[in-house]
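As structure tokens, the structure follows; a few thoughts come after it.
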Amino acid sequence: MHVLKFGGTSVGSVENITKVIQILEDYKKSQPVICVVSAVGGITDKLLKAGHLAQTKDESYLSEYKTIKDIHLNILSRLIPNVDKAVLDKLNTKLDNLKSLLDGIYLINELSPKTSDKLVSFGELLSSYIITETMKSKGIDVVRKNTQELIITNDNFTKAEVNYNTTYKNIQEYFSNSTQGVTILPGFVSKSQQGEITTLGRGGSDFTAALVASALEADTLEIWTDVSGMYTANPKLVKQAYPIKKLSYQEAMELSHFGAKVLYPPTVQPVLDKNIPIVIKNTMEPDADGTYIAHEQTNNLTVRGISNINDISLLTLEGSGMVGIPGFSKRLFEVLANYKINVVFITQASSEHSICFGVNKADANQAKEKIDQAFEYEITQHKINPIVIETDLSIVALIGDNMKSHQGISGKMFSTLGKNNINVRAIAQGASEKNISAVISEHDVKKALNTLHEVFFEVKTKQLNVFITGVGNVGERLVEQIKQQKKYLKDNLKINLRVIGLSNSRQMVFDEDGISLKNWKAVLSTGETASLEGFFKTAKAMNLRNSIFVDVTANKDVANLYANYLKESIAVVACNKIACSDTFDKYNQLKYLSRKYNAPFLFETNVGAGLPVIDTLNNLIASGDKVTSIQAVLSGSLNFVFNNFNDTTKFHDVVKQAQAEGYTEPDPRIDLSGVDVARKILILARESGTVMELEDITNDSFLTKANLESDSVDDFYKTLIDDDAHFQKLFAQADEKGSKLKYVAEFNEGKAKVGLKEIPQGHPFYNLEGKDNIVMFYTQRYKEQPMIIKGAGAGADVTASGLFADIIRIGND
Ligand code: ADP
Ligand code: ASP
Ligand code: MG
């Protein structure tokens, strides 16, 4: 014999009920079927809402009632087009009874737990009636039995406890006399010994089915729902979650106790006793395997699932008066038990100085009041403090039978949470080690579940969530490169790189599922008005794991926000040099925040665009080397200018060309004045471990006074035309000696300088072409022959690829 239970969604629409009937017919071919049904999806909540409105004298209970009535009448009329009058009348009578009950609640404005149970019982009674009549109308051999006549409980209304002996006897008796092909039973509802209507707790239809399966020693208990089994995590919160093929009873019990709503926790016990397997199946996808739950499942997997419970409050009882005195916990938990307050989580510090426990938010105030009362004497004696409540918390738990035999799981769990800036308020690990749970802020639940899922179940791919500000020349190339490389990264480096936010100076867009890069420009053009602060706030609110902010602007205000990003554990990748060349204190503060919040701060493109200059320097230092001197040509733009300038060209025209080709900063004075090069050598000096400010760098400018004093870009260009003779002279002087002009940056014995130099033939700088850069590191290990890095040091493509490399570096971390 099979016992099948169909949940709210499965009986929530005409289409789904039709599927349910099809499944039952298939089963019936081989053996009798018992089918437990829930209320139509959402009806239990609607009944409670109507009851609450009526109780508070709000007449809108009538419209809530009307919705409930219409839903049922509509389903019936669509399932049975020419319905018999008698069937319709009976349904209308049931609905009238519901209306009378609601009117009564309105009249006396009272909704006791007892009345509440009467009210919600209508949900299952109505759905089971409609399904039975539909099957009858199709000529199927079916009967409906009211479970209230079979399942007997105490009078703990809203979550009654079952009298197993009587219940099992009733079920066995009823079915021993039944020859029916299909029996439909309303789930969730029951009666007390005194004959009052009770219910088995929210989600309790699963339990009804388990009681029937156990009493009759059924072959299996099948729970048919709206997902294809018990998933590795709640599939509504973790998109990558997948159904678990097999679970032990204990694992299923832990997962459901810790929030996997797909199975009502008490369901496991009755069938476990009789060794009846539970199968969780999807009504909408009957061919999917689902989850098979039975005794000890042999497998090597350690963590089997991750679950979460929201709406948790943490209560702490603390005080020196508790140390070494037995009986405190007993008294505490007795109080909670007396008031039927369910404790979901407990930890006690080994000093016995405090006990910390979690309860449902709804119970927190009552728990505090009763415990403070019970310990009034100790509180007045200052032996213990009144209970402290913390709210808006959630429990996230890793579950698995085999976790006990593997070291390092909790370490991995907490370091994963820590890396993502998720603060853990309390930790509990059951002695059985079937579960490790952490209490965290409710705000972080989605992020925690997704990161933990990634670490324990998707080990192979890492998701990076990128927010890019500035999609001008370089930014645009970066997005294009990401678009092009996305598949390669996933297939080869197991990195799932998603662009979540994009902004230029006018607009910004976000998509938590990743912006489609196919037509990102069109998407961006439909975005909201851009704001730097708004961009940060959205990235923060999304609270996604492995978030990376990418600054592709040259804007000071953007640089000023890095600290905010880092403090949220959002990594920062910048080609903007302003932050790292600001005061040493500011630079140092960002480095500190990066360490403190575990958020990388990478700026490889600040020096040498796509060349691995900073990375190489960092690696030298990390491996114990020490930089003694740096000689470098660091300005792609100045190199371009001096490589193209000679006695047949005009200095002004060459600078214009460099700007047109995108080799200079938007304001070419930043390059030509040497400020840009000074910033770069400053950054290298700092990364080499030297405390230095921009003003400490000697800058012998080759520009004229008029060039330097120009007050706009246009004005600057004019002065270049006026002073052409000055530049021709510089060229001629070098040319005479067979030398070339190069703009050189030097760092030596803690001092740095930048300036134009005549480079003689044979020098490594002499043959530097086009916009190339060269950096020579002299270190303790590279004493005679320097470590040389040379290559294209400017241009949108190489800069974009440098930014890309920084992003990948974070992914490989
Ligand atoms: P039914 O109405 O069929 O009883 P429920 O809503 O009670 O269905 O339970 C199914 C829901 O449980 C799923 O739609 C899903 O949102 C939620 N759920 C939470 N955690 C899990 C999990 N680990 N695996 C599967 N479903 C889960
Ligand atoms: N209808 C009840 C509820 O929504 C019982 C169930 O569906 O299992 O809680
Ligand atoms: Mg359910």
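Per-structure values
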read-out: Subset of the stretch 769-813 that is of a type in the set (V, I, T) and more than 17 Å from K486 (Cβ to Cβ) - its residue that is most open to solvent (accessible area, probe 1.4 Å); value: I788
read-out: Residues that are surrounded by fewer than 20 Cβ atoms within 10 Å (Cβ to Cβ) and either basic (K, R) or not in a loop (DSSP other than H, G, I, E, B) (or both), drawn from the stretch 427-445; value: I427, A428, Q429, S441, E442, H443
read-out: Output for the stretch 46-80, where each listed residue is more than 19 Å from K94 (Cβ to Cβ) and within 16 Å of ligand 1 (Cβ to nearest atom); value: none
read-out: Residues of the stretch 1-15 classified as closer than 16 Å to I130 by Cα, away from ligand 3 (no atom under 13 Å from the Cβ) and surrounded by 19 or more Cβ atoms within 10 Å (Cβ to Cβ), total; value: 0
read-out: Any pair with Cβ under 6 angstrom, 6 or more apart, that starts in the stretch 190-211 at a residue that is within 16 Å of L48 (Cα to Cα) and within 13 Å of ligand 2 (Cβ to nearest atom) and ends at one that is open to solvent by 10 Å² or more (accessible area, probe 1.4 Å) and assigned to a helix (DSSP H, G or I); value: L200/F207
read-out: Residue within the stretch 325-335 that is under 23 Å from Y377 (Cα atoms) and either within 29 Å of the chain's Cα centre (by Cα) or among the aromatic types (F, W, Y) (or both) present; value: yes
read-out: Qualifying positions in the stretch 25-48 - near ligand 2 (Cβ under 8 Å from one of its atoms), surrounded by fewer than 23 Cβ atoms within 10 Å (Cβ to Cβ) and among the aliphatic types (A, V, I, L, M); value: none
read-out: Candidate set from the stretch 590-614 (those that are under 21 Å from K419 (Cβ atoms) and of a type in the set (S, T, N, Q)); member that is most open to solvent (accessible area, probe 1.4 Å); value: N598
read-out: Failed condition for T283, given (1) open to solvent by 40 Å² or more (accessible area, probe 1.4 Å); (2) polar (S, T, N, Q); (3) at pLDDT 95 or above; value: (1)
read-out: Criterion violated by V572 - all others in (1) open to solvent by less than 30 Å² (accessible area, probe 1.4 Å); (2) at pLDDT below 95 satisfied; value: (2)
read-out: Residues of the stretch 296-339 satisfying the condition of being part of a loop (DSSP other than H, G, I, E, B), open to solvent by 80 Å² or more (accessible area, probe 1.4 Å), in contact (Cβ under 8 Å) with a residue 24 or more places away in the chain and of a type outside the set (S, T, Y); value: E296, N300, L301
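The values are calculated or read from the model by the stated rules, or taken from the named source; none is laboratory data. These figures come from a predicted structure and were not determined experimentally. Reconstructed Cβ throughout: ideal geometry from the backbone, glycine too, with neighbour counts over all protein chains shown. The protein model used for the area step is the full one, side chains on, heavy atoms only, and it has no ligands, DNA or RNA in it. Shrake-Rupley method; radii C 1.70, N 1.55, O 1.52, S 1.80 Å.
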